[in-house]
Structures are given as structure tokens and as C-alpha cells.
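Take a look at the structure below.
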Amino acid sequence: MQLINNKDHHVKYIFVTGGVLSGLGKGVITSSIAKILQLTGLKVSCVKVDPYVNYDAGTMNPIAHGEVFVTCDGGECDMDIGNYERFLDIELSSDHNLTTGRIYSEVINDEREGKFLGQCVQIIPHVTDAIKNKLRKISNQECLDVLVIECGGTVGDIESLPFLEAFRQMKLEEGDYNTLFVHVTLAPILDVVGEQKTKPTQHSVQELRRIGINPDIIAVRCKNILSNDARRKVSLFANISSNCVLSCHDVKSIFLVPEILANQGIISIIENKLKLQNLFIKWSNWKGISKSFLEYNKEVNIAVVGKYVSLPDSYVSVYQALSHAAAKLKNKLEVTWIDSEKFDITSKQKLSLLKKYEGILIPGGFGKRGSEGIINVANFAREANIPFLGICFGFQLSLVSFARNVCGIYNANSTEIDPATNDPVVEFMPEQKEINNLGGTMRLGRHKILINSNTLASKIYSQNFINKRHRHRYEFNKKYLSVLHKNGMILSGYSDNGKRTEILEIPHHKFYFAFQYHAEFDSRPGKPEQAFESFMKVASIKS
Ligand code: GLN
């Protein structure tokens, strides 16, 4: 079914709100609804609303907020944008992540430019208008049939009120059958009684109603399938028919969620509410992809040694990229998250703990804490011939590690860690020297990288160029190129007319490969990013 050329075409807006508590997996539910609709042939996209005042996610601590996802156009976005890209296999622009900061700065700019002609600028209508305009602009510019908008946070938060108010107004302005509201809640089980409790859902629906929004679908997160009793209760108290109460129970892979929702009839609910006809899901290879995450022959154990391991969400795209590769290779992925600080003081004993892993991955990071540990681990993986993948900070510190341990440049360092080092193997990019602001000022987004022929990189990518996303301020100092090369390291990829070094590799090692870019953002279920796939392939060969 394709609505785009129909003269009655009207964009449909689906709003996803959250209740009870955060961290329920609203992003996965939003992505799954969008995926189902995409599989019916509609042109679908997603927007994430983050009601915090930050302009974007770039300056936020990954341990508190999760990974910063980088879009091709250089946006530093909420990690849910990554979910949307992976589920829908599309690339989104940074406009798809709305924040209070972005909306207000636009409204204030307009006010300063005199665009409001003497009016008193208010949340209603000026801020809400700015929000609605953004959503409408995206759906028009991208010729969408459906735009699914996820509102971060929990209903009842003060900061999300202007966004929810804008959604409420959109129902009025776009028409009842062009808008649909999904509310995601939680039915916890109390150990003592063992039954699914619906009271938190009832309360959060009341909260939503107070704002003027009546949900059309309630998606209830729960450990086991939602019981008929609980479904009936939610239906009664939330005033929606029981077939519109959907069970979103725990499953082994997030990619199974579209099937779970489809099996409960979400398509006919959407058809009825949005006056769409003959929506038919063509699963094509999606079911095969989601099943591939459950079928495996052997387990592969990967150690991820990083700075932000206390919250695995800080590395969500890295984990996803590994899992896409594992699923394709029919491996069961086991990841152990290890704080790099643990290896800060070289202790051979501690490092040898890493021997039991089939692969070691060092992801991105910032700042001094734990950096010595990373340098030691990069060296250990090289010496112990353990397959190694280094990303961004992991790339930079494996250059330092090689310079120190192989080339005898004992004081080698990155100026990010020791600004006064005599041997700045990794240094501030010259363009960065004039910049004072922290937000949105790194080298960001997609850049073209040329790959040298007859290298591991050329084998991995089987082409002589790639386009990859970046997020960094420091880079390899090419003054050290010849000494590294003389000692056996190959630098095999360059960007910006040869100015930036992007890839390193060590021949005669099982697999030692690191890169300045963030390959993890390009990986998709069923289509793992090639460097991750090659790494997992070598890691899965038992020695
Ligand atoms: N801190 C390093 C830099 O800014 C690496 C950044 C990263 O890992 N994303 O260059």
C-alpha cells in the first residue's frame, strides 16, 4: 500500500508517550511500530523528543544518559535515533532529535529577529507552534506517510509538558483519524503476590488524560505475557477496548518485538484508527533476521574494555554491531564489560585475566581516567595475539601503545591525556585550536576515507573508499608515521585529502584493527558493519 501519490494523502502521526518510569524500552516499541508500518510499504520515519534543556546529547555524560549517537550530518543525538536507524535501515538527519534546547533557541532567535511583531512570546502558542512546525516540516520534506514521534521521559514530568501539549493540539488540527496515541507503561509483579499489578498504569493514564490526551493503544511492558485479568483491568480503568491493550513482555531479542505487536493485531487497530485500508505486512526477510539472533552454534566471548562500562547503554551501538555480526555468523555473543581503570597500573596478573576472551574491543572515550589501562590492554591484545578492535579513543590509544611498547618511544601519549608530553603521537586537530565551545564542535559526521590497496582494510571493505561517521577532537600525529611503519604498523586509511589518519592494522597478528571513525553506527541487523563482522569471524575461530 502506498499513500504518497494519493490526492487524499495525509500524513499520519503516531505519538508514543511513556508512563510509570523511564527505561521501559519505549525506543524499541516506537521502532517496532514504525517497522511494522514500513513492512506494509508505507514511507515511515521516527522522531525522538528529548525534553531536557540541552541543545543536543553531545555534552551529556554517557554513564547517566547512554551513548551519544552520531547522525551522518554530524548531529550528536539520543541513542534512540540509533534504534530507529537499525530497525528501519534508514539514515536520519539530526532534525529527528528534538530537544527543549533546540526548540527554545529557535523561538528566542525568532524573537530577537523581530519575527513576532510585538507579541508576548509564550509557551502556548509560540513554543508549541515551533514543535508542531518541526514535525510537519520533517513529514513534508521527506514525503512521509507516517511519522512516529517518541516523547522521552515520563508523563507528569514538567519539562515534557509543552511537547505533550503540542501533540494534543496536533490531534485537533490534523484530525482525529490522522493521529494515534500509544502509551507505554509497566505492569510490575510483586514477589509476594505474584500477579501483574495494573495500578501504576491506571495512574499514568490518568496523568495523561489530565493533559488532554486519551491513549488509543496501551503497550504494557511486563516480564511475562500480560494476563487476561491484567488486560481487562487496564482496559476498564483506562477506558480503551481490551484488544488495544498490548502485552510487551520480555523477549530474547529486541528484533522480535515487531512480530509480538503484529500478532496482537496492532495493524488492525492502526487501520481502524487512522482510516487506512488493506495494510498487509510483507515480512520478507525480517523474520529471518530476527530469528538469526536466537539460533547459534557456538558462544564467542568478547571483552569490551572501556571507561563507561557501568552503564552498558553507553555502548549500545557497539553492542548492537557485535550482536549483528554474531547473529550472521551463527554465534552466541557473550560480552563482558570491563572498566579500563582496572588495568591502569600494569599488573601482568590482571591483564592475563583477558586471556580467556576470544576478542578484545576498546570503544570510544574521553579524558585521562582509565586511559593507561586502555594503553596496557591494547598492548596485551597485541602481544597475546588476541583479536582486537579499537574504536576512536581505542584507535588513538593503540597508536600510543604501539609507540611506547614497540617503537621504544616511552613517553608517547595523546595530548588529551598529557598536554605536555614530549611525544604527542596523538594530538589536538589544528582546526580545533580556535574553538572554545564544547557543544557540537568536534569533527563530526560522515567523511570519506580512502583505503590503501593490499591491506587488511581493503580486504575487509572490498573497496577503495568508505564513508564513516566521526566524533573526535584529537588525531594521529603524522610525524610518527615512518617510525610506526618501520616497526610494523600499517596505517591503511586516510581522509580529508590525506590529512587525517583513519585506520591502523598490524600484519601477522590474528586480527589487530582499529579506526578513528565510529563503524558501530552503520551496522544493521542482517547487515553487520564489515569490520565488526571480520573481527567476530576471527574471534569465533577456536585456536
Ligand atoms: N577523546 C578522543 C577525541 O576527542 C576520542 C573521542 C571518541 O572516542 N569518540 O578525539
Select the strands (runs of 3 or more DSSP E) contained entirely in the stretch 388-449, then report the ones holding at least 1 residues which are open to solvent by 30 Å² or more (accessible area, probe 1.4 Å) and at negative phi. 423-428
Can you say whether residue 368 is within 15 Å of the ligand (Cβ to nearest atom), open to solvent by 10 Å² or more (accessible area, probe 1.4 Å) and more than 30 Å from residue 295 (Cβ to Cβ), as far as the supplied structure shows? yes
The stretch 371-385, subset away from the ligand (no atom under 16 Å from the Cβ) and open to solvent by 10 Å² or more (accessible area, probe 1.4 Å), residue nearest to residue 308 (Cα to Cα): 376
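Go through the residues of the stretch 373-387 one by one and say whether even a single one is part of a loop (DSSP other than H, G, I, E, B) and of a type in the set (S, T, N, Q). It would help to see each step written out before you state the result.
Narrowing the stretch 373-387 to residues part of a loop (DSSP other than H, G, I, E, B): 384-387.
Subset that is of a type in the set (S, T, N, Q): 385.
Yes, that holds for at least one residue.
From the list 434, 427, which one is closer than 25 Å to residue 58 by Cα, modelled with pLDDT of 95 or more and among the acidic types (Asp, Glu)? Don't jump to the end; show me each part of the working.
Details: 434 fails: modelled with pLDDT of 95 or more.
The conditions single out 427.
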Please enumerate the residues belonging to the stretch 504-526 that are part of a strand (DSSP E or B), away from the ligand (no atom under 15 Å from the Cβ) and under 25 Å from the mean Cα position of the chain (by Cα). 513, 524
Given (1) open to solvent by 40 Å² or more (accessible area, probe 1.4 Å); (2) closer than 15 Å to residue 511 by Cβ, number of the condition residue 361 does not satisfy: (1)
Identify all residues within the stretch 163-192 that are over 26 Å from the mean Cα position of the chain (by Cα) and closer than 18 Å to residue 146 by Cα; write none if there are none. 168, 169, 170, 171, 172, 173, 174, 175, 176, 177, 178, 179
Requiring at least 3 residues that are in contact with a Cys (Cβ under 9 Å, 6 or more places away or on another chain) and at pLDDT 95 or above, the helices (runs of 4 or more DSSP H) wholly within the stretch 71-188 are 80-88, 161-174
The residue that is surrounded by the most Cβ atoms within 10 Å (Cβ to Cβ), considering only those in the stretch 470-503 that are assigned to a strand (DSSP E or B) and aliphatic (A, V, I, L, M), is 503
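The values are calculated or read from the model by the stated rules, or taken from the named source; none is laboratory data. Values in this document were obtained by computation on a predicted structure and should not be read as measured data. Because the Cβ atoms are built from the backbone with ideal geometry, glycine has one as well, and the counts that use them run over all protein chains shown. The area values use the complete protein model at the heavy-atom level, side chains included, leaving out ligands, DNA and RNA. Shrake-Rupley method; radii C 1.70, N 1.55, O 1.52, S 1.80 Å.
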